[in-house]
Structure formats: structure tokens, C-alpha cells
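Here is the structure we will look at.
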Amino acid sequence: MVDFCNAFKPVMPKSVVGTAIMYFRRFYLNNSIMEYHPRIIMLTCAYLSCKVDEFNVSSTQFVGNLLQETPAGQERVLEQILEFELLLIQQLNFHLVVHNPYRPMEGLLIDLKTRYPTLENPESLRKSADDFLTQAAMTDAGLLFAPSQIALTAILNSASRAGLSMESYLNECLGLKDDKETLSKMYDSMRRMKTLLKKYELPKPEEVNASKKKLERIHAEFSSSSNKRKRGCEGDGHVAKEPRLTEDEEWTDEDLI
């Protein structure tokens with residue numbers, strides 16, 4: 001997902017990438033990769049996130065980024081994406097707006113520039129904070145913590161790595177000096193988030209390839225057995241094909257219930 005989005009032309013905004021990743025994670029909370037292949041779901045998530053976040057690319061431009069596919073292959077993939085798009089929306093319970101941590105991070109940087117003169121160059125924190133958000137996107141942090149918490153943790157982590165103390169910013173600018181309970185809960189969330197990121201490790205290439213082959217074999221076997229069952233049932237008369245409406249028939253209100 002991340003590799004496809006990073007290589008996308010024109011350049012895909014981070015918010016669109018974050019939305020696509022969150023769609024992908026939310027979809028597989030209630031579905032299995034054994035039933036829905038991750039590749040087509042990944043592409044459908046990226047395609048839908050472009051539309052929701054108003055990143056204006058045509059469907060032809062989108063599948064044009066599948067450089068390993070022939071033009072005919074790109075057309076087939078587009079048909080699959082359009083076929084799975086409604087399913088994805090349904091599985092997301094039609095909750096398509098995703099609040100990413102990128103905007104809160106920009107707000108925090110602006111706040112540091114305007115209300116925290118102690119820090120001479122807040123922009124120096126951006127690179128490390130961006131890396132933290134990228135790493136967080138690879139984990140379940142987006143499902144466990146609020147976007148503002150992730151953004152603040154990214155800023156404070158970046159400052160810590162640069163040897164800067166931001167305690168006075170939390171106490172004075174964010175007004176947490178007299179709210180020890182909230183401050184304690186916030187620090188606890190930050191510790192849990194950092195622990196989550198430290199535990200995450202990218203899978204090795206050989207592990208990825210082995211999993212790919214296994215998944216392809218399972219899907220091939222599932223598709224073959226599913227087609228056999230369907231043909232057998234139809235042959236025995238157990239599956240009745242739904243009749244199509246003739247031109248003279250009309251829809252009634254009961255048909256919509």
C-alpha cells in the first residue's frame with residue numbers, strides 16, 4: 001500500500017495515503033484475506049481515498065500507475081476496483097471521513113511558532129515527526145489513539161531526539177500545569193504508543209514472498225471449489241436463477257422494501 005502510494009504519479013498527498021491505509025485496516029477488522037484478496041482491496045482503498053479527500057485523478061490515471069500491467073490488464077483491474085468499491089463503502093459503514101494526524105501536526109507547529117518563542121526553530125522538528133507519523137501508519141496506532149495524540153507524540157518525540165525539553169510548552173501553552181490527571185493520562189498514552197511502534201518490525205522479503213504464494217494458492221483453490229459447487233447446484237436444480245423483469249413489468253413500492 002505505502003509503496004504504491006509513494007510511487008504514485010502525480011504525487012499523492014499524505015492525507016490521502018493515511019486515509020487509504022485506515023480504510024484498509026478497518027476493512028480487515030471484519031473480513032478475511034482468505035475471502036478478499038489484499039491487492040484488489042488495497043487498490044480500491046487507494047482509489048476511494050483519492051475521491052473522498054478530493055485528490056483529483058481520473059480512473060485512467062489511477063490504473064495507469066500499475067506499470068507492471070498491460071493496458072488490457074489495467075482495464076481489468078479498473079473493473080475490479082469499481083466492482084469492490086461499493087462493498088468497501090458498505091464494510092466501512094459509510095463512515096468515509098478519516099481524521100489523520102497530519103493536520104494536527106501542522107497546527108502544533110504553527111502554535112509552537114506563535115506561542116512558544118523558547119523554541120527557536122520549530123521546523124527543525126518536522127522531519128523526525130514526519131518519520132514518526134509514517135511509522136505510526138504502519139501500526140494499529142490510528143485505531144487506538146486520537147489523531148491529535150499521535151501528532152503531539154510525534155512532535156514531543158522529535159524534540160526529545162533533538163535533546164529539547166517541551167515540558168514548559170505542555171504546562172503553560174497547553175494549560176496542563178494544574179491538571180495533573182490529564183497530563184498523567186497523556187504521558188501514559190504516549191508511552192503506550194511508543195512501545196507499539198518499537199515492537200513493530202517490517203516483515204522480511206522472503207516471508208512476504210512465502211505468504212504471497214500461500215495466499216495465491218488458497219485463493220485459487222477457493223475459487224475452483226466455489227465454481228464447482230455453483231455448477232453442481234445449478235445442474236441439480238437447487239439454484240434458481242432470478243427472472244429478469246420484462247419490458248412490460250414495472251417496479252412497485254413493495255420491490256423497494
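Values as computed for the structure displayed
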| read-out | value |
| --- | --- |
| Student exercise, the range 95-147 dipole from Lys, Arg, Asp, Glu Cβ charges, in Debye to nearest 20 | 120 debye |
| Test item: Cα-centred dipole of the chain, Lys/Arg +1 and Asp/Glu -1 on Cβ, debye | 1500 debye |
| Length added when fully stretched, ARG161-THR118, from 0.36 nm per residue minus Cα-Cα | 13.8 nm |
| Where the range 109-169 is the region considered: accessible area per residue in Å², 1.4 Å probe | 50 Å² |
| Listed residues HIS99, ALA137, LEU119: farthest to the positive end of the dipole of the range 81-141 (Cβ charges) | LEU119 |
| Gyration tensor (alpha-carbon) shape descriptor, the range 1-88, a/c threshold 1.5 | oblate |
| Among the listed pairs LYS14/LYS213; LYS51/LYS213; LYS113/LYS194; LYS9/LYS51, those beyond 21 Å (Cα-Cα) | LYS14/LYS213; LYS51/LYS213; LYS113/LYS194 |
| Share of carbon and sulfur in the accessible heavy-atom surface of the chain [1.4 Å probe, %] | 52 percent |
| Å² of accessible area per residue within the range 9-54, as computed with a 1.4 Å probe and no ligands counted | 45 Å² |
| Axial C-alpha extent at least 18 Å, average Kyte-Doolittle at least 1.0 - helices from the chain (DSSP) | 38-52 |
| At q = 0.16 Å⁻¹, base-10 log of I(q)/I(0) for the chain (Debye sum, equal scatterers on each alpha carbon) | -1.28 |
| Cα-based Rg of the range 104-215 normalised by 2.2 N^0.38 Å, two decimals | 1.26 |
| Hull shadow area, averaged, the range 40-109 [alpha-carbon convex hull, nm²] | 5.7 nm² |
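The values are calculated or read from the model by the stated rules, or taken from the named source; none is laboratory data. The structure displayed is predicted, hence computed values, not measured ones. When we count neighbours, we look across all protein chains shown, and the Cβ atoms used for this are built from the backbone with ideal geometry, even at glycine. Side chains are part of the model used for accessible areas, which takes the heavy atoms of the whole protein and leaves out ligands, DNA and RNA. Shrake-Rupley method; radii C 1.70, N 1.55, O 1.52, S 1.80 Å.
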